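Undergrad: Pasting a structure here, questions to come.
The values are calculated or read from the model by the stated rules, or taken from the named source; none is laboratory data. Note that the structure is predicted; figures quoted are calculated from it, not measured. Glycine also receives a Cβ, built like all others from the backbone with ideal geometry; neighbour counts cover every protein chain displayed.
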Amino acid sequence: MKLFRSLIYFSFVFLTSLISAQNSADSLISSISNFEDSLQIKMLKEACWENRSKDPEKAILYGVTAINKMKETSIDKYYAEAYNYLGVIFGNLGKLDSAYYHYKIAIQKATEKGDSIQIGYSLNNIGDYYYKNALFSTALEYIFRSYEVFEKIGDEDGMAYTLNDIGEIYLKQEDYHKALEKFLKSGEIRYRIKDYRGYAKSLLNQAATYEKQGKDIIALNTYAIAREFNEQTNYVKGKSWALAGISDIYFKQMRLDKALEMRNEALEIDIEIGNKYGEIINYNQIGALYLKKGQYKEAEKYLNKALSEGELTGHMDQMLISYDLLKQVAMRSNNYATAYTYLENYTSIKDRVFSQESSNKIADLQMAFVTERKDREWDILKKDIEIEQNLNRFLIIISVLILGFVLLYISKFRSERKSNKKLNKANQQLNELNAQKDKLLSIIGHDLKNSACVIQNYLELLVADFELLNEKERTEYLKTAFNSSQLLTNLLLDILEWGSVTRGLFNVNLVDVKLHDSISTIIETLNPLAVNKKISLISNIGDSIIKTDKDMVNTVVRNLVSNAIKFTKHGGKIYLDYSEDQLYHYISTKDNGIGIDPEKIEDLFRIDKVTTTIGTANETGTGLGLPMAYEFVKKCNGEILVNSKIGEGSEFIVKLPKNYN
């Protein structure tokens, strides 16, 4: 089969070279013969593309002539573009092997010239070749690479082109949500850059997706808009496409005669413009319509045409449809032996597609894509290693700072002990400070060390065994390292905030605080954590304005809500309320979580007593949140009250004075 296709290709090249030798017969070629070589090549190349749908044979003549002219003059600026154009035309004519041959030359020429745009189009076109061979995952790999190229250089035209093709693959795979997302994005770009022909194509794909989703009215309206743009831009292939799409909707609505009329019109256009792929699709769908009408002989005739053309051109996706429909025709005609033969052929094609898919994944993808993936993964590893190194430096700095402050305080209190009057107070403060120091050093020695070790160990595993690990293992290791780095960052931030309070660096700044705005921001920030546990955050905060320290309110309430989420079970509720009396403001968080042992409530806010408790979804924390909130509120002359019952939930009330004098 391959030898036969190669002979066809080289015969075709020979014939086209004969045509190019007689190019004086073509008015355009003869009319530009006196122009500069570079201008002639450019005009021929553009004429090739302009005629790709209207007159593909003439388009091939222009493309081959342009390439021959480049060979004669050594002007190689448009090589890759011309080969890509010819590949697209051959693909439309159903000559997929010839198309692939031209795409391979195009990407080679583009790579030699460093032409990113044509590299992008070549990758996309190779993806289209695999798409037409029903090798969808391989097609996606190439087209995603194409999109990355266009995105990197900011080429919106190329981005829209690839987004549309990605959408077509998702549509074929019946992932309608992703397909529509890509078509809409492609259409948005194309309309913005005034590519109305491309916009028409995006609209046609959107309409096809709506039809598959059962949204027939939206689909028909979208087809109508697309037809207007088809006429405006003389997009002949688009006219056929719209007729075919509308026919599918009529088919679903059992308006079979109208559907058949539309399909036959589409078929005439595709035959006229040489759109072989569209022609085969129309044969299959006309066969399906006759099958539905019970006209089995007519159905068989058209399905055999589709099968015959599909075998010649290698459109295996349509061959699968042909065999499946022929099997149904045979069964309706009680020809069960024939039906079984069609089923065997269908299975054989499907197995061949799967086999090709697998071999392409193993051979082609490993050769072409693994290096790129490794580069991206190594970039991620490098970033994580840098983060880990920076965190270690940060850890050392924090440790030195804390020890330095402890030494300063100890020195201060030792001097105070010389005075008998201050001895008791100094001893009490020193004991508290030592307890805080022990707690902080415990956190540094345990929690920080553990998180840093987890990051280091997993990154070492990734670096040492990168080649031996599979994709899933690499992802899991990176995710574990990332989660540990987040925990480490939160821990360091808590320690820094705690230090700012205990060292007297926190100064109360009284301003008018719009409580509703502050609480709404906190809920918005923490809502993803709540959603993960299906917990509802319900705010009953009105439009009250209170005079207090805004940073204090944000930090304290955020800690209390975060704590409530941690100890509330899946599906629970957390309420935020505000009330006031003549002297105080009251901000409360109330949950229906696991509750707190009454004996432990008085120790919640003591840094020397508090311990890290695992949440209802195994969440971990630093143990600094509540003591830090307590200290912030205390600086504002307020207090935190707690009401709790085991198994019923907890309520934390922040009590703030109205008058700070």
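Quick grid of which residues meet (1) of a type in the set (S, T, Y); (2) assigned to a loop (DSSP other than H, G, I, E, B); (3) farther than 24 Å from A82 by Cβ:
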position	(1), (2), (3)
G127	no, no, no
A134	no, yes, yes
Y142	yes, no, no
Y147	yes, no, no
N164	no, no, no
E174	no, yes, yes
A179	no, no, yes
K185	no, no, yes
E188	no, no, yes
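Undergrad: OK, next. Considering each residue of the stretch 562-578, count those that are touching a residue at least 60 places away in the same chain (Cβ under 8 Å) and part of a helix (DSSP H, G or I), and give that number.
TA: 3
Undergrad: So for the stretch 575-593 (the condition being in contact with a His (Cβ under 6 Å, 6 or more places away or on another chain) and modelled with pLDDT of 80 or more), does at least one residue qualify? Step through it out loud before you land on a result.
TA: Step one: list which residues in the stretch 575-593 are in contact with a His (Cβ under 6 Å, 6 or more places away or on another chain), which gives none.
No, there is no match, as no residue in the stretch 575-593 is in contact with a His (Cβ under 6 Å, 6 or more places away or on another chain) and modelled with pLDDT of 80 or more.
Undergrad: Could you count how many residues in the stretch 252-278 are out of contact with any Lys or Arg (no Cβ under 7 Å at 6 or more places or on another chain) and farther than 24 Å from D216 by Cα?
TA: 6
Undergrad: Now, a different point. State which residue is surrounded by the most Cβ atoms within 10 Å (Cβ to Cβ) when the search covers only the stretch 116-146 and only residues that are over 19 Å from the mean Cα position of the chain (by Cα) and β-branched (V, I, T).
TA: I126
Undergrad: How many residues does the stretch 292-313 contain that are at pLDDT below 90 and crowded, with 19+ Cβ neighbours inside 10 Å?
TA: Number satisfying all stated conditions: 3.
Undergrad: When only residues in the stretch 321-338 that are aliphatic (A, V, I, L, M) and either touching a Leu at 6+ places or on another chain (Cβ under 8 Å) or crowded, with 19+ Cβ neighbours inside 10 Å (or both) count, which is nearest to N275 (Cα to Cα)? First the steps, then the outcome.
TA: Narrowing the stretch 321-338 to residues aliphatic (A, V, I, L, M): 321, 325-326, 329-331, 337.
Those still in the list that are either touching a Leu at 6+ places or on another chain (Cβ under 8 Å) or crowded, with 19+ Cβ neighbours inside 10 Å (or both) too: 321, 325-326, 329-330.
Details: I321: 18, L325: 22, L326: 23, V329: 27, A330: 29 Å.
The qualifying residue nearest to N275 (Cα to Cα) is I321.
Undergrad: Moving to a separate point now. Between E211, E174, which is surrounded by fewer than 24 Cβ atoms within 10 Å (Cβ to Cβ), of a type in the set (D, E), touching a Gly at 6+ places or on another chain (Cβ under 9 Å) and at pLDDT below 90? Full working, then the answer.
TA: Values: E174 fails: touching a Gly at 6+ places or on another chain (Cβ under 9 Å).
Just a single option satisfies the conditions, and that option is E211.
Residue by residue, here is whether (1) at pLDDT 85 or above; (2) surrounded by 13 or more Cβ atoms within 10 Å (Cβ to Cβ); (3) within 37 Å of the chain's Cα centre (by Cα); (4) small (G, A, S) holds:
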residue: A464; (1), (2), (3), (4): no, no, yes, yes
residue: L469; (1), (2), (3), (4): no, yes, yes, no
residue: A481; (1), (2), (3), (4): no, yes, yes, yes
residue: L529; (1), (2), (3), (4): no, yes, yes, no
residue: V557; (1), (2), (3), (4): yes, yes, yes, no
residue: G572; (1), (2), (3), (4): yes, yes, yes, yes
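Yes/no matrix, rows are residues, columns are (1) buried (at least 24 other Cβ atoms within 10 Å of the Cβ); (2) part of a loop (DSSP other than H, G, I, E, B):
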position	(1), (2)
E46	no, no
W49	no, no
K54	no, yes
E57	no, no
L61	yes, no
A66	yes, no
K69	no, no
A82	yes, no
L86	yes, no
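Undergrad: Can you name every residue in the stretch 306-337 that is charged (D, E, K, R) and either farther than 25 Å from Q173 by Cα or touching a Lys or Arg at 6+ places or on another chain (Cβ under 8 Å) (or both)?
TA: Answer for the stretch 306-337, where residues must be charged (D, E, K, R) and either farther than 25 Å from Q173 by Cα or touching a Lys or Arg at 6+ places or on another chain (Cβ under 8 Å) (or both): E309, D317, R332.
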